[in-house]
1. Got a sec? Which residues in region 104-132 would a label at residue 159 touch, if it sits 7 Å along Cα→Cβ and we count backbone N under 14 Å?
2. Which order do 50, 161 fall in if you start with the one that has the fewest other Cβ atoms within 10 Å?
3. For the chain, compute Rh as the Kirkwood radius over C-alpha pairs and then the Stokes-Einstein diffusion coefficient at 4 °C and 1.567 mPa s; write the answer in µm²/s, rounded to an integer.
4. Report the extension gain between residue 27 and residue 1 in nm, rounded to one decimal, defined as 0.36 nm multiplied by the number of residues separating them, less their alpha carbon distance.
5. If contacts are Cα pairs under 8 angstrom and at least 6 residues apart, what is the relative contact order of the chain in percent?
6. Show me, bin by bin at 5 Å from 0, the whole-percent P(r) of region 1-68 based on Cα pairs.
7. Can you give me the Cα centroid spacing of region 113-177 and region 39-97 in angstrom?
8. At R0 = 25 Å, how high is the FRET efficiency between residue 59 and residue 151 if r is their beta carbon distance? Nearest 0.05 is fine.
Ligand SMILES: O=P(O)(O)OC[C@@H](O)[C@H]1O[C@@H](OP(=O)(O)O)[C@@H](O)[C@@H](O)[C@@H]1O
Ligand SMILES: [Mg+2]
Ligand SMILES: [Zn+2]
């Protein structure tokens, strides 16, 4: 099975230090929706693992988060693709859950859902927590320079991390374009 796992904020859509709190603030990055659709049409399953502590912090609620994800699915479908499972961690940092990145719980949930092993599966993120989560479960850590990616790059990367300018470039690589 060709499975790709994506972080959301800073990879699929613009991120903000003030969180992405509503549909007006949820704006796809250039080429990101098309990248997901291209991969999907080529037989890839594209899943998402996203920290959404803004729910725990009271910045937005679960229905709003789900509305953003409905919009994401709609946009991918308009490009002829289909988005796979989206897993959210809606907990705050102090709750000690098993799903908040850099813990790998969401990656493990996705693997269990599809009945696949995580070893070597690309996990594409913009933050160090994404890369740590990938490393912990032997996924291939992949950094994009969008979102917080440039800041993450400046801090130094785990050995073996692949770096791309954006999600479109990741798709081009996986599609050998
Ligand atoms: O990149 P993903 O995982 O899809 O989502 C990240 C968001 O949940 C937010 O995560 C927050 O981190 P804290 O949760 O406050 O540590 C901050 O980095 C925000 O800027 C960011 O929008
Ligand atoms: Mg992110
Ligand atoms: Zn959690």
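1. Counting only backbone N, you get no residues.
2. Ordered from fewest to most neighbouring Cβ atoms within 10 Å, 50, 161 come out as 161, 50.
3. Stokes-Einstein gives a translational diffusion coefficient of 81 µm²/s.
4. Values: separation 26, 0.36 × 26 = 9.36 nm, distance 2.96 nm.
Gain on extension, residue 27 to residue 1, equals 6.4 nm.
5. Numbers: 338 pairs, mean separation 43.7, N = 177.
It comes to 25 percent, rounded to a whole number.
6. Taking every Cα pair in region 1-68, the percentages come to 4, 16, 25, 24, 15, 10, 5, 1.
7. Region 113-177 and region 39-97 have Cα centres spaced 17 Å from each other.
8. Between residue 59 and residue 151 the formula returns 0.75.
Read-outs: derived from the displayed coordinates by stated rules, not from any lab. Since the model is a prediction, treat every value here as computed from it, not as a measurement. Cβ: placed from backbone, ideal geometry, glycine included. Neighbour counts: every protein chain shown.
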